[in-house]
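Q: A single structure is presented below for examination.
Just so it is clear, none of the values below were taken in a lab; they were calculated from the coordinates. Keep in mind that this is a model prediction, so the values were computed, not measured. Positions of Cβ are backbone-derived with ideal geometry, glycine not excepted, and every protein chain shown enters the neighbour counts.
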Amino acid sequence: MTFWNKDLLHLTVTIILAAIASGFIGHFLYLLLIICIAFILRQAFLLNQLEQWLKSGAKSNYPASNGLWEEIYYHIFRLKKANKKRKKQLSRIIEQFRKSTAALPDAVVVLGENDEISWFNDAAKQILSLKKRDLGQRIPNLIRSPAFIDFLGKKEANAILSIKAPANDKVTLQIKIVTYDQGAHLLVAHDVTFLKNIERMRKDFVDNISHELRTPLTVLKGYLETLEDMDDDHSPLLTHSLHQMNNQTLRMQHLVDDLLLLANLETQKTKSHCVEINPLLKQICQESSALEQLNSRIELFIDSDINILGNDQELRSAFSNLIVNALKYSPEESIITVQWHQAGQSVILDITDLGEGIPELEIPKITERFYRSNAQREHEQHGTGLGLAIVKHTLSRHDAELKITSELGKGSCFSCVFPRKRFC
Ligand code: ADP
C-alpha cells in the first residue's frame, strides 16, 4: 500500500470512529470539524518543518515524520545527495581541465564577448606576459600590435598570425583564435622561435651554398664550352662526354639560380608598382614561342584591362614558368591557352594545356620544392622541381593564389587568382 493510501486510510478510520462516537454522544458535525482542523494544523506544522529544513540547506538529517511526509523528505534527501555527487564529479572534471590546460606549454587565454580576459593558464604569464591583475581587461589594451588587433577583430577560423612576443622581440609567436561558444573565444599562442631559427638557418645555408657554387660552376661551364669547341677529332666518346658534362653543368646552374631566386623571394621585400598585364603577357608568349622554334602553340586572350599592383620581374618569372611548363608537359603542336579575365572580385590568369595531366594525389605536392612527378623523372624531362615553388611564393607575395585543376590524359589548368586589393 502506498503512503498516500495509508494516510487516506487513517483519515477514513478516524472519521468512522468519530461517526461511531457521535452515535453515543451526538454532535457528529462538531466532531468532524475538530478532526478537519486537527488535520489541517498538522499539515501546516509539517509544511513549516519542511520549510525550516530546506532553509537550513537541508544539510542535517531530515526531521522525524511518518506517512507521506516521510516519503517526501526521503525523496528530497535523495535528490540532494545525487546532486551533491554530480557537483563533486563536475568540479573534479573542471579541476582536471584547469590543471591540464595550466600544464600546457602553449599560452591559453579565455576571452569574453568584448575580448576581455576571463582566464589564462600559467604559460600565458610567461609567453604573453599576462598578470593576475589583467583579468577582466581587454586583451587589445595589453597586446597593442596593430597586426594582432586587426587579427583579433576578424577572428577568422583557421587563420594563424605570427607576431613577436609582447615583452621579448626575440621570441616569435603563432597565434590562433578559436570560437567555442557564442561570444566566447580561446586564444592559443604557440612559441615557434626554435622552428623560426631552424628555418632561418636552412635559408642561410641554401643561400650561402648557392652563392658558393655559382663561381665554380661558371668556371667549369666556361672550360667545358672551350673543350667542346676544341674537340676537332670528333672522338665519339669525348664528344658525348663533353656534351653530357655541359648539359649537367647547365642544369646545376639553373638549380642554383632557382634556389637563389627562391631565397630572395623569401627574404627580400618587393617594390610594387602598377604592372601592365597586356604587354607583359604578349611578350612572355612571344618569347616562349620563340624558344619552341615551332609555329606558335600559344593562344592569348586578354579579356580584362585590369592591371596588377606588384613587381613586374617577379610576375614575369611566375607567368613564364607556368607557360613554359604547359609547353613542356603537353604534346608537341597541342594548343596552350593563356587567358586574362575577371571573375567577380578577382582577376585571373588561366593557363590551360592539353597535356598528360597530373594525378589528383600529386596536385598538392607539385608546388613543394624539388617535387617532380615520377613520370617526369622517367622521361628525363629537364627541370629542377623548383619552378612551381617559385610561382607559389611569388603569387603569395602578391596576395594571389595558385589554383590547379587537372584531368589525367586530358590536360591541366593553372590559375593565378589576384584579389581586388591588387587591382590598379
Ligand atoms: P620542373 O618543371 O622543373 O620539374 P616545376 O616545379 O615547374 O618543376 O613542376 C613540378 C612538377 O609538376 C613537374 O615535374 C611536373 O611533374 C608537374 N607539372 C608542372 N606543370 C605541369 C603541367 N602543365 N602539366 C603536367 N604536369 C605538370
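Q: Mind listing the Cα extents of the range 195-267 along all three principal axes, in Å, largest one first?
A: That works out to 56, 16, 16 Å along the principal axes.
Q: So if I place +1 on the C-beta of Lys and Arg and -1 on the C-beta of Asp and Glu, and nothing else carries charge, what would the dipole magnitude of the range 195-267 be about its Cα centre? I want it in debye, nearest 20.
A: About 560 debye.
Q: What FRET efficiency comes out for residue 267 versus residue 54 if R0 is 60 angstrom and r is the Cβ-Cβ distance? Round to the nearest 0.05.
A: 0.25
Q: Of the cross-linked pairs 84/132; 203/269; 164/269, which ones have a Cα-Cα span greater than 27 Å in the structure shown?
A: Pairs exceeding 27 Å: 84/132.
Q: Can you tell me the Rg and Dmax of the range 157-207, counting just the alpha carbons, in angstroms?
A: According to the Cα coordinates of the range 157-207, Rg and Dmax are 14.3, 48 Å.
Q: OK, next. With the calculation restricted to Cα positions, what are the radius of gyration and Dmax of the range 292-424 in angstrom?
A: Every Cα atom of the range 292-424 included, Rg and Dmax give 14.6, 44 Å.
Q: Further question: From the cross-link list 85/131; 131/176; 176/421, which pairs have alpha carbons spaced over 31 Å apart?
A: Violating the 31 Å Cα-Cα cut-off are 85/131.
Q: Hey, another quick one. Are there DSSP H segments in the chain that both extend 27 Å or more along their axis (alpha-carbon positions) and score a mean Kyte-Doolittle hydropathy of at least -1.0? List them, or say none.
A: Answer set is 3-25, 28-55, 68-103, 193-230, 236-267.
Q: Given Cβ point charges of +1 (Lys, Arg) and -1 (Asp, Glu) and nothing else, what value in debye, to the nearest 20, does the dipole of the chain about its Cα centre take?
A: Using Cβ point charges on Lys, Arg, Asp and Glu, the chain gives about 4300 debye.
Q: Considering every pair of different Cα atoms, what Kirkwood radius, in Å, is found for the range 21-160?
A: 21.4 Å
Q: How would you order 162-169, 66-73 from highest to lowest mean count of nearby Cβ atoms within 10 Å?
A: Descending mean neighbour count gives 66-73, 162-169.
Q: Plugging the Kirkwood radius over Cα pairs into Stokes-Einstein for the range 104-191, at a temperature of 10 °C and a viscosity of 1.306 mPa s, what D comes out in µm²/s?
A: My calculation gives 125 µm²/s for D.
Q: Something else: Hey, could you get me the Stokes-Einstein D for the chain, Kirkwood radius over alpha-carbon pairs, 20 °C and 1.002 mPa s, rounded to whole µm² s⁻¹?
A: So the translational diffusion coefficient is about 71 µm²/s.
Q: While we're here: Around residue 264, under 14 Å between beta carbons, what's the net of Lys plus Arg minus Asp minus Glu among the other residues?
A: Once all neighbours under 14 Å are counted, the net charge is -1.
Q: Could you name the lysines in cross-link range of residue 88, using Cα to Cα under 21 Å and dropping any fewer than eight places away on the same chain?
A: Output for residue 88: 59, 80, 99.
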